[in-house]
Amino acid sequence: MTFKAEYIWIDGTEPTAKLRSKTRILATGAELPLWGFDGSSTNQAEGSSSDCVLKPVYTCPDPIRGGDDVLVLCEVLNTDLSPHRSNTRAELVETAERFAAQEPIFGIEQEYTFFEGDRPLGFPVGGFPAPQGGYYCGVGVDEIHGRDVVEAHLENCLTAGLGISGINAEVMPGQWEFQVGPLNPVVVADQLWIARWLLYRTAEDFNVSATLAPKPVRGDWNGAGAHTNFSTKAMREDGGYAAIITACESLGEGSKPLDHVKNYGAGIDDRLTGLHETAPWNEYSYGVSDRGASVRIPWQVEKDGKGYIEDRRPNANVDPYLVTRLMVDTCCTALEKAGQV
Ligand code: ADP
Ligand code: MN
Ligand code: MN
Ligand code: MN
């Protein structure tokens, strides 16, 4: 007897990495072995020395194939088993271990857009739909495009055991969101990559494509982001508001705003314009309930005096290993200095 293992990895495409996968047939009960691939076909190696190594890091049931089949997220290593230059997970693991005592957790809101050919699902051939206003969390065929795909994706994520916390239709037609978390930094990022792979794979069966492009349509149409919600134990505890302010302030100190934003996804200056519920990419701000700020403190958090913050800057195409590492590093270092742990 055998089972199928779908090995999934993040490639070296620039400026935004792509997901790749291939199938391995294994004997029932077998452990998941290291595997390899041709790095010269994924912008991860030269043809003359093309082998890269796949090391399984996160496994879950395969909801597409079912049965005993599994999805296997891998990190990419060099043949000496050191992390490949495209491997941003390895550094996150180190940072997360360093600050594990603060118990950081994340909930990431993944926005995305369906495309049919060269236009967003719901956009008429050669024109535009009615302006934004009625689509966000809408209902009915005049407002909603692709719900069958969204429902199938949600079901697949749940069958895979991912910590999805919700879905909603977004501001632009054909644009949707799912949320992963709250979970610890490494797990939320691993699960988000799997959920993205499942999104593309599920949409395949409906003959539509999904994209994480941050500004899929120019003009008066919302971009697609990946709001990153963050808290530590101190922020979640009674009286955690002081720690929340420390975290918000730390993200604005010195070179931090630029250090973060330049790692928050390619094309961020096209999306963070100051319009369409964004703050300008080069001006850091935070505020309660403020969807025009870089970082929002939800109203309930101010009322309770504890909870979490939302970094609204990351693009839909952000690498979750990068945004979680930067936020843990910046905020947890500041909280440690302030004795708020
Ligand atoms: P909105 O659209 O209003 O910005 P969502 O409901 O889409 O908010 O997303 C909020 C996210 O915040 C969810 O992913 C949720 O899991 C996450 N979240 C809730 N509480 C915390 C917390 N204490 N720490 C980190 N993330 C949290
Ligand atoms: Mn949301
Ligand atoms: Mn949203
Ligand atoms: Mn949000």
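The values are calculated or read from the model by the stated rules, or taken from the named source; none is laboratory data. This structure is a prediction, so every number in the text was calculated from the model and none was measured. Here the Cβ positions follow ideal geometry from the backbone for every residue, glycine too, while neighbour counts run over all protein chains shown.
In this structure, GLY219 qualifies as free of Cβ contacts under 8 Å to residues at least 60 places away in the same chain and either surrounded by fewer than 22 Cβ atoms within 10 Å (Cβ to Cβ) or touching a helix residue (DSSP H, G or I) at 6+ places or on another chain (Cβ under 7 Å) (or both).
When segment 104-131 is examined, which residues are found to be over 20 Å from the mean Cα position of the chain (by Cα) and either basic (Lys, Arg) or within 16 Å of ligand 1 (Cβ to nearest atom) (or both)? Of everything in segment 104-131, just one residue is over 20 Å from the mean Cα position of the chain (by Cα) and either basic (Lys, Arg) or within 16 Å of ligand 1 (Cβ to nearest atom) (or both), namely ARG119. Hey, any hits in segment 102-122 for a residue that's modelled with pLDDT of 95 or more and assigned to a helix (DSSP H, G or I)? Yes, segment 102-122 contains at least one residue that is modelled with pLDDT of 95 or more and assigned to a helix (DSSP H, G or I). Residues that are assigned by TED's automatic domain parsing to the domain that holds HIS227, in contact (Cβ under 8 Å) with a residue 24 or more places away in the chain, buried (at least 23 other Cβ atoms within 10 Å of the Cβ) and of a type in the set (Gly, Ala, Ser) do occur in segment 157-176, at least one of them.
Pairs are defined by a Cβ separation below 8 Å, a sequence spacing of at least 6 or placement on different chains, a first member in segment 62-87 that is at positive phi, and a second member that is outside any loop (DSSP other than H, G, I, E, B); the pairs so defined are GLY67/PHE3; LEU81/VAL53; LEU81/LYS55. Put simply, of HIS153, HIS145 the only residue that is away from ligand 4 (no atom under 16 Å from the Cβ), buried (at least 19 other Cβ atoms within 10 Å of the Cβ) and part of a loop (DSSP other than H, G, I, E, B) is HIS145.
The set of residues in segment 207-246 that are among the hydroxyl-bearing types (Ser, Thr, Tyr), more than 16 Å from the chain's Cα centre (by Cα) and more than 16 Å from ligand 1 (Cβ to nearest atom) contains only SER209. Considering only residues in segment 296-327 that are closer than 15 Å to ALA189 by Cα and within 12 Å of ligand 1 (Cβ to nearest atom), the one that is nearest to the chain's Cα centre (by Cα) turns out to be THR324. Out of segment 93-136, which residues are in contact with a Gly (Cβ under 7 Å, 6 or more places away or on another chain) and of a type in the set (Asp, Glu)? Scanning segment 93-136 gives a single hit, GLU111.
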